[in-house]
Every structure is written in structure tokens, then in C-alpha cells.
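The values are calculated or read from the model by the stated rules, or taken from the named source; none is laboratory data. A quick note: this is a predicted structure, and the numbers were derived from the prediction, not measured. Counting neighbours? That spans all protein chains shown, and the Cβs are built from the backbone with ideal geometry, glycine included. Accessible surface areas use protein heavy atoms only, side chains included; no ligands, DNA or RNA. Shrake-Rupley method; radii C 1.70, N 1.55, O 1.52, S 1.80 Å.
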Amino acid sequence: MARHLLNTFIFIIIVTLLIGCGAKKRIPRFMPVDLTKELKEGKYVQKVDNLMIVLDVSSSMSDSYMKKTKFDAAKNVIDNINRCLPEMELEIGLRTFGYYISPFEEETTLVYGLTDYRRDEFGKIIRKVEAGNGRSPMVLGINAASEDLKETEDGIAVIIVSDWKKAEEYALSLIHI
């Protein structure tokens, strides 16, 4: 009887350890930090006056990633960037590639900007962007972003948000910024 209780107790401990070790840890919810105060106090220095975000909305972005689509995850990344950007003098733009009405077309769309940065306004635009259904012509998006930024003179940053699936290998070599 004592041996049976000991075996049962050891079995319960092993199962508990396996369940405890195998449980997925929750990723903490993102909490944005508004850096406007730190920028005004001089703790941070603005180095970029023009920001272009290039978003992949192609069909591969509808694949699943961590119980969401990659497209939703990408929009969350851009929204999180938006929620952390300080209110500052900044020209911002959002360009997409991979959204097609016809499967024979390749296009890129300037969804927003280049215009003065306003957090609330840019957030509304991010939420309105729809998933696409086409290929990934990253080169078109990069070249168009280059044209969008052609007239700018000061510091420029370009952020590409993509799963990089089926993107042309030579896409990054074609940046003309």
C-alpha cells in the first residue's frame, strides 16, 4: 500500500513538473511609452525629419503567426511605433505593396503622406489599411518610397515591415534614397 502511494505521489509530481515546464509563458501586453516629455527635456535628440513606412500587404501576410495573421502583427508593429513616437515636427508617410484588384497587376500605394505627423490621424490610417491578395513587389514599394522622399533634404528613415516571403532578392540593392 505504501509503495502504491509513493508511486502515485511520484507520478503526480512528474506530471505537475511537465505541465509547469510545458506551459507557454504569456507575452506581456505592449504598453506604449510617450517619449514627448523626454524629447522636450533634451534626453533624446531628433535625428530624423522624414519617416517612410513601407508595409507588405501581400497574400503571404495572411498566413498565421502566433494566433493572428502576419498582416495583423505588422499593423500592430506600426501602431506601436506610432504610439511611442513623440509629438514632434516630422513628415511621415505610409506606403503599401501587394494589394491588387487584378492578379496581373503589380502596384504600390501611398496610403498616407508625406505630411506632418499627427499621432491620432496616423493611427486612424493604420487601422484602415486592408490586407492584400497579390504578390510581393517590394522593389516597387522601395522605389516609390524613394521617389516620395526625393524632395526631402533632412534626415530620412525608412522602415520596411514585411515577412520577406517571395520578396525579390535584389530589392534592397535598388534603394535610391
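Observations, loosely collected:
- When the test is whether a residue is closer than 23 Å to D72 by Cβ, of a type outside the set (G, A, S) and surrounded by fewer than 18 Cβ atoms within 10 Å (Cβ to Cβ), R127 passes it.
- Contact map, the stretch 65-81: first residue touching a residue at least 40 places away in the same chain (Cβ under 8 Å) and surrounded by 13 or more Cβ atoms within 10 Å (Cβ to Cβ), second residue in a helix (DSSP H, G or I) and of a type in the set (K, R), Cβ cut-off under 8 Å, separation 6 or more or different chains; pairs are K75/R127; D79/R127.
- Residue check for V139: assigned to a strand (DSSP E or B), surrounded by 18 or more Cβ atoms within 10 Å (Cβ to Cβ) and not aromatic (F, W, Y): no
- Candidate set: the stretch 161-177, residues that are outside any strand (DSSP E or B) and open to solvent by less than 60 Å² (accessible area, probe 1.4 Å); chosen: the one modelled with the highest pLDDT: S162
- Summed over the stretch 51-80, the residues that are closer than 24 Å to P137 by Cα, in a helix (DSSP H, G or I) and not aromatic (F, W, Y) give a count of 13.
- Residue in the stretch 147-160 that is more than 16 Å from D56 (Cβ to Cβ) and at pLDDT below 85 present: yes
- Checked against (1) aliphatic (A, V, I, L, M); (2) assigned to a loop (DSSP other than H, G, I, E, B); (3) open to solvent by 50 Å² or more (accessible area, probe 1.4 Å), V48 passes all but condition (3).
- Residue satisfying all of: in the stretch 52-64; more than 12 Å from A131 (Cβ to Cβ) and out of contact with any Phe, Trp or Tyr (no Cβ under 8 Å at 6 or more places or on another chain); most open to solvent (accessible area, probe 1.4 Å) among these: S64
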